[in-house]
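Since the structure comes first, as structure tokens, the remarks are kept for the end.
The values are calculated or read from the model by the stated rules, or taken from the named source; none is laboratory data. Note that the structure is predicted; figures quoted are calculated from it, not measured. Here Cβ is always computed from backbone atoms with ideal geometry, including for glycine, and neighbour counts include all displayed protein chains.
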Amino acid sequence: MSLAVQIRQHGGPEELHLVDVTVGEPGPGEIRIRHHAIGLNFIDVYHRTGLYQLGMPATIGMEAAGVVEAVGEGVTHLKVGDRAAYASQPPGSYCELRVLPAKCVCKLPDAISFETGAAMMLKGLTAQYLLKKTLPVQGLQAGDHVLFHAAAGGVGLIASQWAKALGLQLIGTAGTDAKCQLALANGAAHAINYNTEDFAARVKEITGGQGVKVVYDSVGKDTWDKSLECLRPFGLMASFGNASGPVPPFAPGSLGAKGSLYVTRQTLFTHIATRESTQAMADDLFAVVASGQVKIHIDQRYPLAEVQQAHRDLEGRKTTGCTILTL
């Protein structure tokens, strides 16, 4: 038996219920893992609200860390007793114990704690594919400016530090002066409070009127139009989330008028579709964290039983850095 957080219908935080579930044995290509810590992410809100539909009842949650209890047939990269962490489909990490596909589960280096592992996998792998794989047609070189929205969030703080390590000039946006200071303290070259400043005008000012090569945007509807204004010709608009709501339809012709721009909608789960790509990305993440160039900030901890409040705080933009659920 395992405690798990389930939803029986899409809706608000009040739909998150703590229940007892039975956990079986892993099948071929699967493992069973006992969690020590669970990561909280905005995609969990999308699953709860129904922006991303799930069959009911559903256990949500996309990342966690713990100890492998059982290994199914064909799994060779993990064994019973291994410390492990993952960001993985299908959802279901809000629990004490679960069975899941092994391909996206990685052995956790001894130097990295369970809490750090749970906090960093989805957000850190997201930062990895954005900065290393989601690149403008002209590429990124040291000294280039990039714009990163929600720079004081979990992905943003990791990306700010990693961008600095790569020699990039990251311009971060956030909703308060305190969050802007946090982004600056974590490697952002510039920070803009989008509630008090026109971020498009400030980006043009910072870049001497040129604009940036790429915008990394997890906010969606509220930042889309002005983000396009921030791009230089042939720039890339990289959407990877919808925190303010989905981006409304737009005319492709507008991209030509704004400088022959590129647009992409990225998702982590395309990048970690194979065991090989998952491990390569995780190795890159583990290395940059172990080196100290990227520190994982866990700014909020909630017991699993207080998951409703955790969701309220996340949606209310009351959190910074990473958030975990504890067991």
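Against the list (1) modelled with pLDDT of 95 or more; (2) crowded, with 20+ Cβ neighbours inside 10 Å; (3) of a type in the set (A, V, I, L, M, F, W, C); (4) within 14 Å of residue 216 (Cβ to Cβ), the condition residue 114 fails is (4). Going by the conditions given, is residue 198 in contact (Cβ under 8 Å) with a residue 12 or more places away in the chain, farther than 15 Å from residue 155 by Cα and among the charged types (D, E, K, R)? Taking the combined requirement at face value, the residue satisfies it. Filter region 12-29 for residues that are under 24 Å from the mean Cα position of the chain (by Cα) and surrounded by 15 or more Cβ atoms within 10 Å (Cβ to Cβ); which is farthest from residue 308 (Cα to Cα)? Applying the filter and picking the extreme gives 15. Which of (1) of a type in the set (Gly, Ala, Ser); (2) within 18 Å of the chain's Cα centre (by Cα); (3) at pLDDT 95 or above is the odd one out, the single condition residue 220 does not satisfy? Of the numbered conditions (1) of a type in the set (Gly, Ala, Ser); (2) within 18 Å of the chain's Cα centre (by Cα); (3) at pLDDT 95 or above, the odd one out for residue 220 is (3). Selection of region 33-77 for residues being of a type in the set (D, E, K, R) and either buried (at least 24 other Cβ atoms within 10 Å of the Cβ) or touching a Gly at 6+ places or on another chain (Cβ under 8 Å) (or both) yields 34, 44, 48, 63, 73. Sub-6 Å Cβ pairs linking a first residue in region 173-187 that is assigned by TED's automatic domain parsing to the domain that holds residue 198 to a second residue that is part of a helix (DSSP H, G or I) and polar (S, T, N, Q), at least 6 apart or interchain, are 183/160; 186/160; 186/161; 187/160; 187/161, ordered by first then second residue. The lone criterion from (1) touching a residue at least 60 places away in the same chain (Cβ under 8 Å); (2) touching a Lys or Arg at 6+ places or on another chain (Cβ under 8 Å); (3) of a type outside the set (S, T, N, Q) left unmet by residue 68 is number (1). So which of 287, 243 ends up being more than 17 Å from the chain's Cα centre (by Cα), more than 21 Å from residue 36 (Cβ to Cβ) and among the aliphatic types (A, V, I, L, M)? The unique qualifying residue is 287. Just one of the numbered conditions (1) over 26 Å from the mean Cα position of the chain (by Cα); (2) touching a residue at least 40 places away in the same chain (Cβ under 8 Å) is not true of residue 236: (1).
Of 220, 292, 209, all but one fail to be surrounded by 13 or more Cβ atoms within 10 Å (Cβ to Cβ) and either hydrophobic (A, V, I, L, M, F, W, C) or closer than 23 Å to residue 163 by Cβ (or both); the exception is 220. Inspect region 246-268 for any residue being among the hydroxyl-bearing types (Ser, Thr, Tyr), modelled with pLDDT under 95, within 14 Å of the chain's Cα centre (by Cα) and surrounded by fewer than 20 Cβ atoms within 10 Å (Cβ to Cβ) and give the result as yes or no. Yes, the conditions are met somewhere in region 246-268. The condition of being in contact with a strand residue (DSSP E or B) (Cβ under 9 Å, 6 or more places away or on another chain) and within 23 Å of residue 158 (Cα to Cα) does not hold for residue 111. Restricting the search to region 153-191, which residues are over 20 Å from residue 224 (Cβ atoms) and in a loop (DSSP other than H, G, I, E, B)? Listed by number, the residues that qualify are 166, 167, 168, 176, 186, 187, 188, 189.
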